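So the structure is just underneath, and the comments pick up after that.
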Amino acid sequence: MGSLISAKCTCGYETRMALGGGMRSHLTYCAFPCYCQDCKSMYEANLLSDDTSCSECGSQNILPYDDKSMRKIVLPRPVRRVVRYVQQTLWEKLLRREQEEIVSYVSTDINVFDRHSGSRLGRDLYLTNEGYLCPNCQNFTLKFYDVGCWD
């Protein structure tokens, strides 16, 4: 199942894309945002295809948005400890039994899109909600947001 994402920048640039592949096409189709270095545009390309040229100008001088140069270097974020408690019965509360803790660790780093395609592409694709290169203002202020799913 594919993901619908929205890319927004503080300069006002905004676009929506359908990424990944559907149930029938996931073996031959994997849409992913790419940046054309010649015409400075962002477009979605099928990374499983031999032809990933720019849809605007036809250039082969492109970078997918999972490239390290397309993303602002962000230090690893700390993991937050979340504690919940198992619900007690009235009898357990009257006996003043100690509540059992349920501890979980939540990363503050949020993946917006990921696809495990290591066998096909040699790497896993992912996008986060951190700063990427905006094709409009050329600053690292573009963020991706999850909008929904498609198939």
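The values are calculated or read from the model by the stated rules, or taken from the named source; none is laboratory data. None of the values given here were measured: they were computed from a predicted structure. Don't worry about glycine lacking a Cβ; one is built from the backbone with ideal geometry, like all the others, and counts go over all protein chains shown. For accessibility, only protein heavy atoms count, side chains too; no ligands or nucleic acids. Shrake-Rupley method; radii C 1.70, N 1.55, O 1.52, S 1.80 Å.
Figures for the structure shown
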item: Accessible carbon and sulfur surface of the chain relative to its total accessible area, %, 1.4 Å; result: 50 percent
item: Heavy-atom accessible area order for Glu44, Glu101, largest first, 1.4 Å probe; result: Glu101, Glu44
item: Extended-chain gain in nm, criterion 0.36 nm per residue less alpha-carbon gap, Cys11 and Arg81; result: 21.7 nm
item: Under 23 Å from Lys143, Cα to Cα: lysines that are on another chain or at least 8 residues apart; result: Lys8, Lys40, Lys68, Lys72
item: Phi-based couplings in Hz for the range 125-134 (Karplus 6.51, -1.76, 1.60; Gly and Pro marked x); result: 8, 7, 10, 10, 9, 9, x, 10, 5, 7
item: Candidate residues Ser55, Ser49: accessible-area rank, largest first, probe 1.4 Å; result: Ser55, Ser49
item: Most mobile of Ile62, Ile73, Ile102 in a GNM of the chain (Cα contacts under 10 Å); result: Ile102
item: Integer Hz, Karplus 6.51/-1.76/1.60 couplings in order for the range 52-63, x for Gly and Pro; result: 10, 5, 4, 6, 8, 10, x, 6, 9, 7, 10, 9
item: Probe 1.4 Å - accessible area at Cys9, Å² to nearest ten; result: 20 Å²
item: Simple Cβ-charge dipole of the chain, Lys/Arg +1 and Asp/Glu -1, about Cα centre, in debye nearest 20; result: 580 debye
item: Dipole in debye (nearest 20) - the range 1-76, about Cα centre, beta carbon charges: Lys, Arg +1; Asp, Glu -1; result: 340 debye
item: Amide H partners (placed H, <5 Å) of Ala45, local residues excluded; result: Phe32, Cys34
item: Unit charges at the beta carbon, dipole of the chain: most positive-side option, Cys39, Thr28, Leu90; result: Leu90
item: Virtual spin-label span in nm between Glu56 and Thr89, 7 Å along Cα→Cβ; result: 6.6 nm
item: Asp67-Trp150 FRET efficiency (beta carbon distance; Förster radius 25 Å; 0.05 resolution); result: 0.55
item: The chain, accessible area per residue, ligands and nucleic acids excluded (1.4 Å, Å²); result: 65 Å²
item: Top of Asp67, Asp50, Asp38 by mean-square fluctuation, Gaussian network on the chain, Cα under 10 Å; result: Asp50
item: Backbone HN-Hα couplings from phi across the range 144-150 [Karplus 6.51/-1.76/1.60, Hz, Gly and Pro as x]; result: 9, 10, 6, 10, x, 10, 9
